[in-house]
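Enquirer: Here it is, the structure in full.
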Amino acid sequence: MKILKLAIKNAGRHKLRTGLTIVGLAVAVMAFGLIRTVIDAWYAGAEASAPDRLVSRNAVNIIFPLPLSYKEQILKVPGVEKVSYAHWFGAYYTDPKQFFANFAVDHHTYFDLFPEVIVDSQTLANFRSQRNAAVVGQILADRFGWKPGDQVRLIGTIYPGDWDLVIAGIYHGRDKTTDESALMLRWDYLDETLRATVPVRAGYVGWYISKISSPAEAVRISAAIDSMFKNSLAETLTQTEKQFQLSFIAMSGTIITALRIISYLIIGILLLVLTNTMGMSARERISEYAVMKTLGFKPFHLVQLIADESLFISLSGGILGILLTFPMASGFGEAMKYYFPVFETKPQDLLVAGIFALCVGILASMFPILKATRVSIVDGLRSIG
Amino acid sequence: MSIYGERSRTIVEIEALSKSYFRDSLEIPVLRNLNFSLPEGEFVALMGPSGSGKTTLLNLIAGIDRPTKGKVKVAGTDLAQLSEGELAKWRARHIGFIFQFYNLIPVLTAYENVELPLLLTSLSKSERKEHVETALGIVGLSDRMHHYPRQLSGGQEQRVAIARAIATDPTLILADEPTGDLDKKSAEEILELLSRLNSEFKKTIVVVTHDPRAAEKAHTKKHLDKGELS
């Protein structure tokens, strides 16, 4: 019989209290893991970025477009291998609340720059041969029940009107982090329609994507592109794809910060819950600690006894919470898959949750340890019956 | 003689011992200039009215409290010279303490309670088992060793506490009102057991008691009143 065994037996003295504490800790750890997963989901686009892709947008703001003519100029910059472009389309299907990402893209080049977006040859041929063709991700197709050959009508918001599209095919993600919830229609379809209806808005693209020879050249090439359009009517800001994605995420910075704060508050609550439980346990057992000291046990034995019990409870809660995070995140991810196309709990988030549970176990035992080791044997024995 | 074999041990020497407690700046004297010695193998009953300082004296002999003045020497060791850590180690080796309310750990079986002080020794698991079974055999609870305290009567709990006190074969057994919480029959059994530990195993025993029957079992009675011994 060792101290650890006694600590575990002590934890089982008040089964309801210990059980509720463990469940409380598990829920807190699960909530922490879930919130971290939500934050990760926000950053999934940035994480999926390729280091050899640059994005050039209008230096004033992303909402201002760039002339189509920039494409050929960008291609001339040393180190740029391919250039494509895209434009935020911003339409919806039947219900404005059912948001999904939709872009108008250059049908000749766009998919060449995104090898992680897998489009079969038939789909690509369909997309390139039909002016109003669109390629959709598997998640989006599942969401609306779209199949290749279906005719769908999007309702424009930035470009008002009904936009009749034909589903050319479905793309799949090569990686788990690839978004499968977007729709890509042809930019020339948008542009030709604008030429006929609002000519002043025609001939512009939202941003350029450049495939570069080496990620190490990113800074030089970005500077070269931007200097080329310096003092023009539409100056550019060229960033790596990751920086570009992060600039979007920064728009939701307050929400993400709030989520981060909440996740740490949860850890604080977890600490209070366990400290309370351990404090009650220590108060009840002061006389037992005095008896153990009388038998010859030293303060470090009591430190071990109390810390082991606290760690047993915190780690039990932590492990249970981590185990619960998987089905919870899976269910949450499924329910939110149209908003968070990539929703996967990272092992490092669970590791952080586990480390927090460990730290909470240690911290929660501090107060009872101080109390148990500082009280004199005589005072401890006086608390008997 | 030891419960585990032959051995020759020790005495208690108390010189000019005083103990006071302090409430804010107010000094409350409990023991005044006590002188007391105890030969090996003695069975002493320490009697006196409540508040006379009996338990305080027992605590000082056990090394769980420090005197205000004077010297307490047990088994040849001046306790004042020991640090708290050394004192804990010394207690584990030399003192077997029996409490009025048994003070067993409720989540441990009788066996595990008796084994508890042995965890501080270098004994192997099998040696500890031998010691525990011997101690529980002496107190007549071999058939209850896997029972929890809540499954035992008060008298049986106190016998487990005695087994715990003798498991390490201590130099000195100190008992604070060991029959104070027991019915008459159980109290007699406990007193008989203490008497047997003294006569058969030559254990030196100091019992703090109000119980005249306990005093009758002792070789020597000491009266403590208003902090003075007679």
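The values are calculated or read from the model by the stated rules, or taken from the named source; none is laboratory data. Here the structure is a predicted model, which is why all the values come from computation and not from measurement. Cβ sites come from the backbone with ideal geometry, for glycine too, and all protein chains shown count toward neighbours. Just the protein is used for accessible areas: all its heavy atoms, side chains included, with ligands, DNA and RNA removed. Shrake-Rupley method; radii C 1.70, N 1.55, O 1.52, S 1.80 Å.
Enquirer: If you line up the long axis of helix A:241-250 against the longest principal axis of chain A, both from Cα atoms, how many degrees apart are they, to the nearest 10?
Expert: Helix A:241-250 sits at roughly 60 degrees to that axis.
Enquirer: Also, I was wondering about something else. Let me make sure I get this right: for the stretch A:60-234, a, b and c are the square roots of the gyration tensor eigenvalues over alpha carbons, sorted descending. Under 1.5 in a/c it's rounded, otherwise prolate if a/b > b/c, else oblate. Which is it?
Expert: Taking the square roots of the gyration eigenvalues as a ≥ b ≥ c, the stretch A:60-234 is oblate.
Enquirer: So what's the back-of-envelope 222 nm ellipticity for the protein assembly as shown, counting only DSSP H runs of four-plus at -39500 (n - 2.57) apiece and dividing by all residues, rounded to 500?
Expert: Result for the protein assembly as shown, helices only: -15000 deg cm²/dmol.
Enquirer: Right, here's the next one. Among the lysines, which fall within straight-line cross-link reach of A:Lys337, defined as a Cα-Cα distance under 24 Å, with same-chain neighbours fewer than 8 residues apart omitted?
Expert: Of all the lysines, those that pass the test against A:Lys337 - Cα under 24 Å, at least 8 places apart if same chain - are A:Lys97, A:Lys147, A:Lys176, A:Lys242, A:Lys346.
Enquirer: Okay, next question. Which one of A:Gly45, A:Thr275, A:Gln73 has its Cα pushed farthest toward the positive end of the charge dipole of the protein assembly as shown, where Lys and Arg give +1 and Asp and Glu give -1 at the Cβ?
Expert: A:Thr275
Enquirer: Assuming a viscosity of 0.890 mPa s and a temperature of 25 °C, what translational diffusion coefficient in µm² per second does Stokes-Einstein assign to the protein assembly as shown, Rh being the Kirkwood radius over Cα pairs?
Expert: D, rounded to a whole number, is 80 µm²/s.
Enquirer: Over the Cα atoms of the stretch A:148-253, what radius of gyration and what Dmax do you get, in Å?
Expert: Spelled out, the Cα radius of gyration and Dmax of the stretch A:148-253 are 17.5, 46 Å.
Enquirer: Have a look at B:Ser124, B:Ser25, B:Ser142 and tell me which one the Gaussian network model of chain B (Cα, springs below 10 Å) gives the largest fluctuation.
Expert: The residue that fluctuates most here is B:Ser25.
Enquirer: Taking only protein heavy atoms into account and a 1.4 Å probe, give the accessible area per residue of the protein assembly as shown in Å².
Expert: That works out to 45 Å² for each residue.
Enquirer: In debye, nearest 20: dipole of the stretch A:1-124 around its Cα centre with unit charges on the Cβ of K, R (+) and D, E (-)?
Expert: 1440
Enquirer: Let me ask something additional. Shape call for the stretch A:9-85 from the C-alpha gyration tensor, a ≥ b ≥ c root eigenvalues: rounded (a/c under 1.5), prolate (a/b greater than b/c) or oblate?
Expert: It comes out prolate by the Cα gyration axes.
Enquirer: Once you average over the residues of A:285-294, how many Cβ atoms of partner chains fall within 10 Å of each Cβ?
Expert: 5
Enquirer: Cα gyration tensor of the stretch B:14-105, axes a ≥ b ≥ c as square roots of the eigenvalues: rounded (a/c below 1.5), prolate (a/b > b/c) or oblate?
Expert: Judged from the Cα gyration tensor, the stretch B:14-105 comes out rounded (a/c under 1.5).
Enquirer: With an 8 Å cut-off on Cα pairs and a minimum separation of 6 or more residues, tell me the relative contact order of the stretch A:60-234 in percent.
Expert: Across the stretch A:60-234, relative contact order equals 33 percent.
Enquirer: Whose amide H sits under 5 Å from the amide H of B:His223, counting only residues 5 or more places off or on another chain, with H placed in the peptide plane?
Expert: The answer is B:Met47, B:Ser230.
Enquirer: What is the magnitude of the charge dipole of the protein assembly as shown about its Cα centre, with +1 placed on the Cβ of each Lys and Arg, -1 on the Cβ of each Asp and Glu, and no other charges, expressed in debye to the nearest 20?
Expert: Approximately 1180 debye in magnitude.
Enquirer: Sticking with this structure for a sec: Toward the positive end of the charge dipole of the stretch A:60-234, about the Cα centre and with charges on Cβ (Lys, Arg +1; Asp, Glu -1), which of A:Tyr110, A:Ile155, A:Val205 goes farthest?
Expert: Value computed over the given set: A:Val205.
Enquirer: Continuing with this model, one more query. How much of the DSSP bridge set in chain B is antiparallel, in percent, rounded to the nearest 5?
Expert: Counting DSSP beta bridges with both partners in chain B, the antiparallel share is about 55 percent.
Enquirer: So if I average 1/r over every pair of distinct C-alpha atoms in the stretch A:240-374 and take the inverse, what Kirkwood radius in Å does that give?
Expert: Radius from the Kirkwood sum: 17.6 Å.
Enquirer: To continue, here is another question. Antiparallel versus total DSSP beta bridges in the protein assembly as shown: what percent is that, nearest 5?
Expert: Here the antiparallel bridges make up roughly 65 percent for the protein assembly as shown.
Enquirer: Would you work out what percent of the accessible area of chain B, with all protein chains in place, is carbon or sulfur (probe 1.4 Å)?
Expert: Here carbon and sulfur together make up 48 percent of the probe-accessible area.
Enquirer: Can you check how the C-alpha radius of gyration of the stretch A:224-288 compares to 2.2 N^0.38 Å, as a plain ratio?
Expert: 2.40
Enquirer: If the cut-off is a Cα-Cα distance under 18 Å, which aspartates and glutamates reach B:Lys73, setting aside same-chain residues fewer than 8 apart in sequence?
Expert: Those aspartates and glutamates meeting the cut-off are B:Glu13, B:Glu15, B:Glu40, B:Glu42, B:Asp65, B:Glu84, B:Glu86.
Enquirer: Toward the positive end of the charge dipole of the stretch A:266-385, about the Cα centre and with charges on Cβ (Lys, Arg +1; Asp, Glu -1), which of A:Ala335, A:Gly321, A:Ala307 goes farthest?
Expert: A:Ala307
Enquirer: Kindly compute the accessible surface that chains A and B hide from a 1.4 Å probe when together, both sides summed, and give it to the nearest 100 Å².
Expert: Adding both sides of the contact gives about 2200 Å².
Enquirer: Treating the beta-carbon of each Lys and Arg as +1 and of each Asp and Glu as -1, no other charges, what is the dipole magnitude of the stretch A:60-234 about its Cα centre, to the nearest 20 debye?
Expert: The calculated dipole for the stretch A:60-234 is roughly 280 debye.
Enquirer: What is the list of residues in the stretch A:286-308 whose amide nitrogen lies under 13 Å from a point 7 angstrom out from the Cα of A:Asp379, following Cα to Cβ?
Expert: Residues A:286-287, A:290 fall inside that zone.
Enquirer: Here's something else I'd like to know. Over the Cα atoms of chain B, what Rg and Dmax result, in angstrom?
Expert: Rg then Dmax for chain B, in Å: 17.3, 53.
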